[in-house]
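The values are calculated or read from the model by the stated rules, or taken from the named source; none is laboratory data. Owing to the predicted nature of the structure, the values given are computational and were not obtained by experimental measurement. So basically every Cβ, Gly included, is an ideal-geometry build from the backbone, and we count neighbours across all protein chains shown.
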Amino acid sequence: MVHKMMWIYIINIVAYINRLLSKMLPTPNRLPQSRSDARRYITSLHGLDYKKIHACVNDCILFRGDYENVEVCPKCGEARFRKDVSGLHIPRKVLLMYILIYILINYVIRLVH
């Protein structure tokens, strides 16, 4: 609960700074008006999007490829999801893979080989 309250507090601070900056800049500016507008703008740029990949809490495997539909880690036996109050399955650990970084890593690997 404390983390959720801190997150809401941070979002409000960012929104306040955003409003302050939009008032400081010349009138016809293209500064996003909200966090969701900023996120939409960033993801519209080619290569700056990300994929969410579920991971084992003990960092044994990533649940992708052959393990994409597996509910339990085959190495350590830990559950992939936890259930919240409403019964929804929430992944216990999520890895964000930024596409641009993935493309650059593959490019460097090809150069080396």
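Of all residues in the stretch 44-80, those satisfying the criterion of being in contact (Cβ under 8 Å) with a residue 24 or more places away in the chain and part of a strand (DSSP E or B) are 50, 51, 52, 53, 54, 55, 62.
Checking each residue in the stretch 82-113 for being in contact (Cβ under 8 Å) with a residue 24 or more places away in the chain and either touching a helix residue (DSSP H, G or I) at 6+ places or on another chain (Cβ under 6 Å) or not in a loop (DSSP other than H, G, I, E, B) (or both) picks out 91, 94, 95, 96, 97, 98, 99, 100, 103. Regarding the stretch 50-67, can at least one residue be identified that is of a type outside the set (S, T, N, Q) and at pLDDT below 85? For the stretch 50-67, residues of a type outside the set (S, T, N, Q) and at pLDDT below 85: present. Selection within the stretch 70-103: residues that are acidic (Asp, Glu) and at pLDDT 90 or above. The member of this set that is farthest from residue 54 (Cα to Cα) is 78.
With respect to residue 88, is the statement that it is in contact with a Phe, Trp or Tyr (Cβ under 6 Å, 6 or more places away or on another chain) and exposed (fewer than 11 other Cβ atoms within 10 Å of the Cβ) true? No: the conditions fail for residue 88.
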